[in-house]
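Below: the structure, in structure tokens.
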Amino acid sequence: MTSKANLRRIVLVSVSAILFMLVLGFVHSLTKEIISSNILSSKKEKLLKLIPKSYYNGDVFIKSLSVPETHLRSLGLDNGSDYHVVKNNGIPVALIIPAVGEGYSGDIKILVSIDMAGNIIEVRVTSHKETLGLGDKIEITKSPWISQFSGRSLSNTTDVEWGLIPDGGTFDSFTGATITPRAVVRQVFATLNFSKTILDRGYDSLKKMEGIN
């Protein structure tokens, strides 16, 4: 009797353990999908802040693609970085390209949205460690300085003009600070050059952009 009782206990514990593992696996799978969905929604919301609503009026889809290795260095990015194609009802309306510049106190991370004609829509700094009250004027909440890039393109601003006024370029700097704005101007210019590589291939090649080199 004792052996049978022990056997029942072993079977019961084993079955309970299996059921527990199955339930745990199901909950994990369900939670993982919810978390993944929330992350994607948050990412989409963040990226769409760089695209005015006048650019879309229907179903908006954002496709993320790997930045080709040959463009990583000019953009200041690490391997595995993505750029993004914004589509409205299946039609590409804009690109959003990341870049990282070397500021006075560390990396300055930016996102640049560019329309399909090669014009900058918006530039936003997403992360930096620049000096408060001076270098932080690159933030749109601290100064309108970053807005001077909107509408700029490779066709209306020459290569020489892509610099600060003290360097012979056309962009304003800050009083008492040049390293920070210089880094931003340089990397915004880099995103435009990368976007030209993409846009020169036309809409039909957007599906093959992962193969750009």
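Only the coordinates and a few stated rules stand behind these numbers; no lab work does. Predicted model, so just to flag it, every value in this text is computed and none were measured.
How far is the Cα center of the range 138-182 from the Cα center of the range 96-125, in Å?
The range 138-182 and the range 96-125 have Cα centres separated by 12 Å.
Holding the Cα-Cα limit at 20 Å, pick out from LYS44/LYS87; LYS44/LYS109; LYS44/LYS129; LYS63/LYS196; LYS49/LYS129; LYS87/LYS196 the pairs that are longer than that.
Going by Cα-Cα distance, LYS44/LYS129; LYS49/LYS129 fall outside the 20 Å limit.
Show the residues, 5+ positions off or on another chain, whose built amide H is closer than 5 Å to the amide H of ALA94.
VAL86
Read phi for every residue in the range 175-189 and hand back ³J(HN,Hα) as whole Hz from Karplus 6.51 cos²θ - 1.76 cosθ + 1.60, θ = phi - 60°, with x for Gly and Pro.
5, x, 8, 10, 4, 5, x, 4, 5, 5, 4, 4, 7, 5, 4
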